[in-house]
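The values are calculated or read from the model by the stated rules, or taken from the named source; none is laboratory data. None of the values given here were measured: they were computed from a predicted structure. Glycine gets a Cβ as well: all are built from the backbone with ideal geometry, and neighbour counts include every protein chain shown. Quick note on the areas: whole protein, heavy atoms, side chains included, nothing else; ligands and nucleic acids left out. Shrake-Rupley method; radii C 1.70, N 1.55, O 1.52, S 1.80 Å.
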Amino acid sequence: MISVAFLVILFSVQKFGTSKVGLAVGPALFIWFCSLAGIGIYNLLKYDTSVLKAFNPVHIYLYFKRNSVKAWYALGGCLLCATGSEAMFADLCYFSVQSIQLTFVFLVLPCLLLGYLGQAAYLINNPSGEEQPFFYSIPGGMFWPIFLIANIAALIASRTMTTATFSCIKQSTALGCFPRLKIVHTSRKFMGQIYIPVINWFLLVVCLIVVCSISSINEIGNAYGIAELGVMMMTTILVTIVMLLIWQINIVIVLSFVIFFLGLELAFFSSVLWSVTDGSWIILVFAVIMFLIMYIWNYGSKLKYETEVKQKLSMDLMRELGCNLGTIRAPGIGLVYNELAKGVPAIFGHFLTTLPAIHSMIIFVCIKYVPVPMVPQSERFLFRRVCPKSYHIFRCIAR
């Protein structure tokens, strides 16, 4: 019930935008990373500094030699150390590339390394604390403050994933792969800072169902591992295509990149797939449903547009009909929505043959997406005549 309450609060503040909420959560996240580093240093000095040998990659080989199949199973757990990092790249439109690079290299990475090294040092001396090594390794008087900061950090991380989802949905809509939804731009300065009400509340409902129906935190971890690796592998494949077709980099460098990164990701993926029955199936089912929605919408949109282009009415036919279009022109304005930026849509011919009369002024309305947060008022609606002046037919491109 506590988790449910936090989730409701989290999704309720989403509408205030990244900048406004960021002012509140930024310092909290900074304290969280500093706390990780501080606890890590404390445990290193108190328990065992020899864990610094972990930086030697020979220990990877020795670990697999000792544990064989069990070591392979453990890869899925190792992956969870880095989860969340992919959200940074989905949120690139919220922050500059340089700010993400500096923050990750000089704050996030060192603090995470110190935090995990500290936990390893604690576990060497306290093997029984493997259930919750982080919380068990916190110095006594600091437990409750750190516990509060940890929960705030978890909420902030969840919010980052939500904003990343908004970005993905917006891009899918622009590419014609997702139904058009109301998108609210929360910043005039950054075009990527958006809020999609329908997706926000849909995510809340799904999160509540998952939290209330999944009994183990390990199941959520397994599901997250599948999602994480799916993102990583798709990113590697897409970057490879960009390297070949756009950057036109030497094929040897491209192959080296693919073999190293995709090989590493496939090794982790094989480990995570082993636990597909323990929660991971939820992500796979959700992915299939989303894929079907996007595929069907994209297929339907393309078919509709191609049909409109092929069947649009010729200007010769319009001239033959005359300014009255072969019917009665009644006073008023008629708005006809279609995707065409040029020509007379086929649906208009259907109106002419089936309706007893049409309006004295006809406007074909076409909505086009423009990649800016705010289109100036004077440029939002572009009008032009479609036929000679006496026809009173216009096209409006709403941007």
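Can you say whether E219 is in contact (Cβ under 8 Å) with a residue 60 or more places away in the chain, charged (D, E, K, R) and open to solvent by less than 50 Å² (accessible area, probe 1.4 Å), as far as the supplied structure shows? Full working, then the answer.
On the way: in contact (Cβ under 8 Å) with a residue 60 or more places away in the chain: yes; charged (D, E, K, R): yes; open to solvent by less than 50 Å² (accessible area, probe 1.4 Å): no.
So E219 does not fit the description; no.
Count, please, the residues in region 135-144 that happen to be touching a residue at least 60 places away in the same chain (Cβ under 8 Å), open to solvent by less than 60 Å² (accessible area, probe 1.4 Å) and out of contact with any Gly (no Cβ under 7 Å at 6 or more places or on another chain). It would help to see each step written out before you state the result.
Here is the first cut: in region 135-144, the residues touching a residue at least 60 places away in the same chain (Cβ under 8 Å) are 137-139, 142.
Subsequent filtering for residues that are open to solvent by less than 60 Å² (accessible area, probe 1.4 Å) retains 137-139.
Of the ones still in play, those that are also out of contact with any Gly (no Cβ under 7 Å at 6 or more places or on another chain) are 138-139.
Looking only at that region, the number is 2.
Taking the options F190, F269, F202, name whichever one is out of contact with any strand residue (DSSP E or B) (no Cβ under 9 Å at 6 or more places or on another chain), under 30 Å from E339 (Cα atoms) and at pLDDT 85 or above.
Values: F190 fails: at pLDDT 85 or above; F269 fails: under 30 Å from E339 (Cα atoms).
Answer to the selection: F202.
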